[in-house]
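The values are calculated or read from the model by the stated rules, or taken from the named source; none is laboratory data. All values derive from a computational prediction rather than experimental measurement. Here the Cβ positions follow ideal geometry from the backbone for every residue, glycine too, while neighbour counts run over all protein chains shown.
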Amino acid sequence: MAEISAKLVKELRDKTGAGMMDCKKALAESNGDSDKAIEWLRQKGIASAEKKSGRTAAEGAIGSYIHTGARVGVLVEVNCETDFVARGEQFQELLRNVAMQIAACPNVEYVTVDQIPAEVADKEKAIEMGRDDLAGKPEAMKVKIVEGRIGKRLKELSLLDQPFIKDSTMTVSEMVKQVAGKLGENIQVRRFTRYTLGEGIEIEKADFAAEVAAMQAA
(Lines give C-alpha, C1' and ligand atoms only; values in the text may rest on other atoms or scores of the structure.)
Protein backbone atom coordinates (compact mmCIF):
# COMPACT_ATOMS: atom_id res chain seq x y z
CA MET A 1 0.00 0.00 0.00
CA ALA A 2 1.29 3.46 -0.89
CA GLU A 3 2.18 5.76 1.96
CA ILE A 4 -0.58 8.30 2.56
CA SER A 5 1.13 11.59 3.41
CA ALA A 6 -0.50 14.53 5.16
CA LYS A 7 0.19 16.62 2.05
CA LEU A 8 -1.72 14.17 -0.16
CA VAL A 9 -4.65 14.17 2.26
CA LYS A 10 -4.73 17.99 2.33
CA GLU A 11 -4.62 18.22 -1.46
CA LEU A 12 -7.58 15.85 -1.74
CA ARG A 13 -9.47 17.81 0.91
CA ASP A 14 -8.86 21.05 -0.99
CA LYS A 15 -10.19 19.45 -4.20
CA THR A 16 -13.28 17.81 -2.73
CA GLY A 17 -14.15 19.61 0.51
CA ALA A 18 -14.41 16.23 2.22
CA GLY A 19 -13.20 15.75 5.81
CA MET A 20 -9.60 14.84 6.59
CA MET A 21 -10.43 11.33 7.83
CA ASP A 22 -12.68 10.67 4.82
CA CYS A 23 -9.89 11.82 2.47
CA LYS A 24 -7.36 9.60 4.22
CA LYS A 25 -9.67 6.60 3.94
CA ALA A 26 -10.40 7.35 0.28
CA LEU A 27 -6.68 7.47 -0.50
CA ALA A 28 -6.07 4.24 1.41
CA GLU A 29 -8.87 2.54 -0.52
CA SER A 30 -7.41 3.89 -3.79
CA ASN A 31 -3.76 3.01 -3.02
CA GLY A 32 -2.79 6.68 -2.97
CA ASP A 33 -4.28 7.50 -6.39
CA SER A 34 -5.86 10.96 -6.03
CA ASP A 35 -8.18 10.64 -9.05
CA LYS A 36 -9.50 7.27 -7.88
CA ALA A 37 -9.89 8.69 -4.37
CA ILE A 38 -12.08 11.48 -5.76
CA GLU A 39 -14.21 8.88 -7.53
CA TRP A 40 -14.46 6.89 -4.28
CA LEU A 41 -15.67 9.96 -2.38
CA ARG A 42 -18.20 10.77 -5.10
CA GLN A 43 -19.51 7.21 -5.13
CA LYS A 44 -19.96 7.33 -1.38
CA GLY A 45 -21.67 10.72 -1.65
CA ILE A 46 -19.20 12.12 0.87
CA ALA A 47 -17.76 14.94 -1.21
CA SER A 48 -21.14 16.45 -2.05
CA ALA A 49 -22.33 15.93 1.52
CA GLU A 50 -19.37 17.88 2.95
CA LYS A 51 -20.04 20.82 0.63
CA LYS A 52 -23.56 21.08 2.06
CA SER A 53 -22.57 20.60 5.71
CA GLY A 54 -22.49 24.34 6.40
CA ARG A 55 -26.08 24.88 5.32
CA THR A 56 -28.81 25.18 7.95
CA ALA A 57 -30.66 21.95 8.71
CA ALA A 58 -33.74 22.98 10.69
CA GLU A 59 -36.26 20.46 9.35
CA GLY A 60 -36.20 16.71 9.85
CA ALA A 61 -37.98 14.24 12.07
CA ILE A 62 -37.91 12.41 15.36
CA GLY A 63 -37.70 8.67 14.96
CA SER A 64 -38.22 5.84 17.41
CA TYR A 65 -37.25 2.21 17.74
CA ILE A 66 -38.39 -0.42 20.22
CA HIS A 67 -36.19 -3.50 20.31
CA THR A 68 -37.70 -6.99 20.34
CA GLY A 69 -38.98 -7.77 23.83
CA ALA A 70 -39.72 -4.10 24.53
CA ARG A 71 -36.82 -3.76 26.96
CA VAL A 72 -34.89 -1.09 25.02
CA GLY A 73 -36.36 1.97 23.32
CA VAL A 74 -34.81 4.88 21.44
CA LEU A 75 -35.85 8.38 20.38
CA VAL A 76 -33.59 10.22 17.94
CA GLU A 77 -33.77 13.58 16.15
CA VAL A 78 -32.23 13.81 12.69
CA ASN A 79 -32.28 17.14 10.86
CA CYS A 80 -32.33 18.02 7.17
CA GLU A 81 -33.03 21.19 5.17
CA THR A 82 -36.57 20.64 3.86
CA ASP A 83 -39.77 19.00 5.02
CA PHE A 84 -40.06 17.36 1.59
CA VAL A 85 -36.86 15.37 2.15
CA ALA A 86 -37.81 14.59 5.77
CA ARG A 87 -40.99 12.86 4.57
CA GLY A 88 -39.17 10.85 1.92
CA GLU A 89 -38.51 7.12 2.08
CA GLN A 90 -34.70 7.42 2.09
CA PHE A 91 -34.69 9.87 5.00
CA GLN A 92 -37.15 7.75 6.98
CA GLU A 93 -34.99 4.68 6.40
CA LEU A 94 -31.96 6.65 7.63
CA LEU A 95 -33.94 7.62 10.72
CA ARG A 96 -34.75 3.96 11.46
CA ASN A 97 -31.17 2.86 10.88
CA VAL A 98 -29.78 5.49 13.26
CA ALA A 99 -32.34 4.57 15.93
CA MET A 100 -31.48 0.86 15.59
CA GLN A 101 -27.77 1.69 15.82
CA ILE A 102 -28.32 3.54 19.10
CA ALA A 103 -30.28 0.60 20.53
CA ALA A 104 -27.44 -1.74 19.54
CA CYS A 105 -24.74 0.41 21.18
CA PRO A 106 -25.48 0.68 24.92
CA ASN A 107 -22.11 2.33 25.66
CA VAL A 108 -22.70 5.22 23.25
CA GLU A 109 -23.68 8.41 25.09
CA TYR A 110 -22.98 11.27 22.66
CA VAL A 111 -23.55 12.01 18.97
CA THR A 112 -19.95 13.11 18.30
CA VAL A 113 -16.64 13.24 20.18
CA ASP A 114 -16.92 17.04 20.17
CA GLN A 115 -20.01 16.80 22.39
CA ILE A 116 -18.19 14.91 25.13
CA PRO A 117 -17.69 17.24 28.14
CA ALA A 118 -14.12 18.07 29.11
CA GLU A 119 -14.63 16.62 32.58
CA VAL A 120 -15.45 13.21 31.06
CA ALA A 121 -12.25 13.27 28.99
CA ASP A 122 -10.24 14.42 32.03
CA LYS A 123 -11.65 11.58 34.12
CA GLU A 124 -10.73 9.02 31.46
CA LYS A 125 -7.25 10.53 31.25
CA ALA A 126 -6.78 10.27 35.02
CA ILE A 127 -7.80 6.59 34.92
CA GLU A 128 -5.41 5.80 32.08
CA MET A 129 -2.48 7.71 33.62
CA GLY A 130 -2.82 5.59 36.75
CA ARG A 131 -2.72 2.19 35.04
CA ASP A 132 -0.04 -0.23 36.26
CA ASP A 133 1.31 -0.96 32.78
CA LEU A 134 2.54 2.64 32.49
CA ALA A 135 4.54 2.58 35.70
CA GLY A 136 8.20 3.37 35.16
CA LYS A 137 7.77 4.60 31.59
CA PRO A 138 9.19 8.03 30.63
CA GLU A 139 6.63 10.82 31.04
CA ALA A 140 6.64 11.76 27.34
CA MET A 141 6.00 8.15 26.33
CA LYS A 142 3.30 7.81 28.97
CA VAL A 143 1.50 10.93 27.69
CA LYS A 144 1.63 9.66 24.09
CA ILE A 145 0.24 6.24 25.05
CA VAL A 146 -2.53 7.80 27.11
CA GLU A 147 -3.50 10.18 24.30
CA GLY A 148 -3.94 7.20 21.97
CA ARG A 149 -6.03 5.32 24.51
CA ILE A 150 -8.17 8.35 25.30
CA GLY A 151 -8.84 8.99 21.63
CA LYS A 152 -10.00 5.41 21.22
CA ARG A 153 -12.10 5.53 24.39
CA LEU A 154 -13.87 8.77 23.43
CA LYS A 155 -14.74 7.32 20.03
CA GLU A 156 -16.38 4.40 21.84
CA LEU A 157 -18.76 6.93 23.41
CA SER A 158 -19.54 8.64 20.08
CA LEU A 159 -22.45 7.45 17.91
CA LEU A 160 -21.07 8.70 14.60
CA ASP A 161 -17.74 6.91 15.13
CA GLN A 162 -19.34 3.47 15.51
CA PRO A 163 -19.15 0.84 12.75
CA PHE A 164 -22.55 0.80 11.04
CA ILE A 165 -24.41 -2.34 12.21
CA LYS A 166 -25.62 -3.18 8.69
CA ASP A 167 -22.23 -2.63 7.03
CA SER A 168 -19.20 -2.62 9.32
CA THR A 169 -16.92 -1.38 6.52
CA MET A 170 -18.26 2.13 7.13
CA THR A 171 -18.97 4.25 10.20
CA VAL A 172 -22.35 5.74 11.07
CA SER A 173 -20.94 9.12 10.02
CA GLU A 174 -20.07 7.78 6.57
CA MET A 175 -23.50 6.18 6.24
CA VAL A 176 -25.20 9.49 7.05
CA LYS A 177 -22.97 11.32 4.55
CA GLN A 178 -23.87 8.82 1.85
CA VAL A 179 -27.57 9.49 2.34
CA ALA A 180 -26.94 13.25 2.47
CA GLY A 181 -25.06 13.04 -0.82
CA LYS A 182 -27.91 11.13 -2.47
CA LEU A 183 -30.59 13.49 -1.17
CA GLY A 184 -28.58 16.66 -1.87
CA GLU A 185 -29.14 18.17 1.58
CA ASN A 186 -27.23 18.75 4.78
CA ILE A 187 -28.27 16.00 7.19
CA GLN A 188 -27.25 16.00 10.85
CA VAL A 189 -27.96 13.66 13.76
CA ARG A 190 -28.77 16.13 16.51
CA ARG A 191 -29.60 14.22 19.70
CA PHE A 192 -30.96 10.97 21.07
CA THR A 193 -32.31 9.30 24.20
CA ARG A 194 -32.12 5.61 25.03
CA TYR A 195 -34.47 3.96 27.50
CA THR A 196 -33.62 0.64 29.14
CA LEU A 197 -36.37 -1.11 31.08
CA GLY A 198 -35.80 -0.88 34.83
CA GLU A 199 -32.74 1.36 34.52
CA GLY A 200 -32.18 3.41 37.67
CA ILE A 201 -34.60 1.41 39.81
CA GLU A 202 -33.05 0.00 42.95
CA ILE A 203 -34.22 -3.56 43.55
CA GLU A 204 -34.12 -4.82 47.09
CA LYS A 205 -32.49 -8.23 47.20
CA ALA A 206 -34.03 -10.60 49.71
CA ASP A 207 -31.62 -12.42 52.01
CA PHE A 208 -33.57 -15.66 52.44
CA ALA A 209 -30.98 -17.23 54.73
CA ALA A 210 -31.24 -14.27 57.14
CA GLU A 211 -35.05 -14.38 57.01
CA VAL A 212 -35.09 -18.10 57.88
CA ALA A 213 -32.62 -17.55 60.72
CA ALA A 214 -34.75 -14.72 62.08
CA MET A 215 -37.90 -16.85 61.96
CA GLN A 216 -36.16 -19.70 63.83
CA ALA A 217 -34.87 -17.32 66.48
CA ALA A 218 -38.33 -15.83 67.08
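Note on segment 103-203: enclosed helices (runs of 4 or more DSSP H) holding 2 or more residues that are outside the structural domain of T16 (by TED's automatic domain parsing), among the hydrophobic types (A, V, I, L, M, F, W, C) and more than 22 Å from E77 (Cα to Cα) are 118-129, 139-156.
In segment 76-102, of all residues being in contact with a Phe, Trp or Tyr (Cβ under 6 Å, 6 or more places away or on another chain) and assigned to a helix (DSSP H, G or I), the one that is surrounded by the most Cβ atoms within 10 Å (Cβ to Cβ) corresponds to I102.
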